[in-house]
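*Asks:* Starting off with a structure, shown below.
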Amino acid sequence: MRLTINSLAVYEYGNIKKQAIVFVHGFPFDHTMWEEQVKVLQDKYYIVVYDIRGLGESYVGDGQFTMEAFVNDLMSIINDFDLHKPVLCGLSMGGYIALRTIEKEQNKFGGLILCDTRAESDDDDGKLKRADVINTINVDGLAKFIDGFVPNLFAEETQKEKKELYDNVMRKCKSHNPLGVKGSLIAMLSRTSTVDFLPKIKIPTLVLVGAQDKLTPPPMMRKMAESIKKSEFGIAPRAGHLAPLENPSFVNDMIDGFIGRKVLKKN
Ligand code: MLT
């Protein structure tokens with residue numbers, strides 16, 4: 001069912017009495033990037049997906065977003081549904097949101113899944129790159145940025161062998177309101193680091209990365225997993241930065257196995 005909560009487009013699937021998983025998408029995508037997880041996991045879990053403010057069908061407003069506002073949005077959804085100890089799963093920008101949320105509200109969650117993401121904030125070089133992107137969008141338009149940025153997120157074999165999926169993602173990315181896309185960029189470039197918080201994570205955590213992820217490669221993600229006590233680490237074959245989309249069966253098995261072993265057994 002589709003709902004509007006706090007001006008955000010939110011979708012829920014499955015039975016609310018079951019263990020909840022809340023999925024937070026990456027940049028510049030929308031909730032549909034979790035379609036394959038929703039399809040398979042909704043029989044066993046209660047699934048919540050949503051469009052981050054400014055992207056997809058969520059409210060764009062003035063496009064002035066911060067990571068803190070994204071965290072507040074996520075908590076408004078969790079509070080609205082009154083979810084009990086949901087598992088929080090975020091990919092890349094969704095991972096930044098998840099990590100900052102857990103830093104603030106760890107006791108409200110049953111588990112954490114971090115896909116293709118990082119705890120470091122942007123360094124100066126990263127900030128300048130984001131400024132360049134905002135300029136590209138202003139001068140040449142959103143499509144130009146998407147054509148240059150998004151192909152790099154996929155593994156080469158996904159681009160060749162899953163053409164329909166690839167074309168669909170490209171089309172959706174180009175359909176966002178450019179103001180909302182720039183708002184996400186500003187929120188990312190001004191976010192705080194959660195590196196020092198990693199050793200303080202006490203809830204069960206799964207760290208997942210695509211074998212061919214160029215943005216947050218496996219050695220970087222492994223290091224992150226090593227900083228989190230009792231975390232599990234998995235590398236998805238045949239996947240780049242978008243592992244849940246590119247190799248959904250591997251990612252779904254990892255999520256289901258992890259929740260069964262570490263979250264449900266604990267409850
Ligand atoms: C994402 O996939 O969410 C973005 O690549 C993250 C980023 O640009 O830092």
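The values are calculated or read from the model by the stated rules, or taken from the named source; none is laboratory data. This structure is a prediction, so every number in the text was calculated from the model and none was measured. Here the Cβ positions follow ideal geometry from the backbone for every residue, glycine too, while neighbour counts run over all protein chains shown. What goes into the accessible areas is simple: the full protein's heavy atoms, side chains included, and nothing from ligands, DNA or RNA. Shrake-Rupley method; radii C 1.70, N 1.55, O 1.52, S 1.80 Å.
*Asks:* Tell me, what HN-Hα J-couplings in whole Hz come from the Karplus equation 6.51 cos²θ - 1.76 cosθ + 1.60 at θ = phi - 60° for each residue of the stretch 178-191, using x for Gly and Pro?
*Replies:* Computed from phi, the couplings for the stretch 178-191 are x, 4, x, 5, 5, x, 5, 4, 5, 4, 5, 6, 9, 6 Hz.
*Asks:* Accessible area per residue, 1.4 Å probe, Å², for the chain: what's the number?
*Replies:* 44 Å²
*Asks:* Using only Cα atoms, what is the ratio of the radius of gyration of the stretch 150-201 to 2.2 N^0.38 Å?
*Replies:* 1.62
*Asks:* Would you mind calculating the gained length between Thr66 and Lys39 on full extension (0.36 nm times residue separation, minus the Cα-Cα distance), in nm to one decimal?
*Replies:* Fully extending the segment from Thr66 to Lys39 adds 6.6 nm.
*Asks:* Kirkwood hydrodynamic radius, the chain, all distinct C-alpha pairs: what's the number in Å?
*Replies:* 18.3 Å
*Asks:* If you don't mind, another one. In the neighborhood of His31, defined by Cβ-to-Cβ distances under 12 Å, what is the net charge if each Lys or Arg adds +1 and each Asp or Glu adds -1?
*Replies:* Neighbour charge sum, excluding His31 itself: -3.
*Asks:* In straight Cα distance, which lysines are under 22 Å from Lys223, not counting same-chain residues fewer than 8 positions off?
*Replies:* Qualifying lysines at Cα under 22 Å: Lys200, Lys202, Lys214, Lys262.
*Asks:* Here's another thing I want to ask about it. Quick check: pseudo-label points 7 Å beyond the Cα along Cα→Cβ at Lys85 and Asp256, how many nm apart are they?
*Replies:* Result: 2.2 nm between the two label points.
*Asks:* How far, in nm, would the chain grow between Asn135 and Met1 when pulled straight, counting 0.36 nm per residue and subtracting the alpha carbon separation?
*Replies:* 44.5 nm
*Asks:* All other residues with a Cβ under 13 Å from the Cβ of Glu157 taken together, and with Lys, Arg as +1 and Asp, Glu as -1, what is their net charge?
*Replies:* Result for the neighbourhood of Glu157: +1.
*Asks:* According to the Cα gyration tensor, what semi-axes, each the square root of 5 times an eigenvalue, does the equivalent ellipsoid of the stretch 1-125 have, listed from largest to smallest in whole Å?
*Replies:* 21, 17, 14
*Asks:* Leaving out ligands, DNA and RNA, and with a 1.4 Å probe, what % of the accessible surface on the stretch 212-267 is carbon or sulfur?
*Replies:* Whole-percent figure for carbon plus sulfur exposure: 57.
*Asks:* Where in the stretch 1-96 are there trypsin sites (Lys or Arg not before Pro) that are in a DSSP coil and have at most 12 other Cβ atoms within 10 angstrom of their Cβ?
*Replies:* Listed in order of number, the matching sites are Lys17.
*Asks:* Convex hull over the alpha-carbon atoms of the stretch 113-267: what's its volume per residue in Å³?
*Replies:* Cα-based convex hull of the stretch 113-267, divided per residue, equals 123 Å³.
*Asks:* Quick one: angle between helix 218-227 and the longest Cα principal axis of the chain, in degrees between 0 and 90, rounded to 10, please.
*Replies:* For helix 218-227, the angle is close to 40 degrees.
*Asks:* Here's a follow-up. When the dipole is taken about the Cα centre of the stretch 2-263, and only Lys, Arg (+1) and Asp, Glu (-1) are charged at their Cβ, what size is it in debye, to the nearest 20?
*Replies:* Computed charge dipole of the stretch 2-263: roughly 600 debye.
*Asks:* Give the carbon-plus-sulfur fraction of the accessible surface of the stretch 110-177 in %, rounded to a whole number; probe 1.4 Å, heavy atoms of protein chains only.
*Replies:* Here carbon and sulfur together make up 46 percent of the probe-accessible area.
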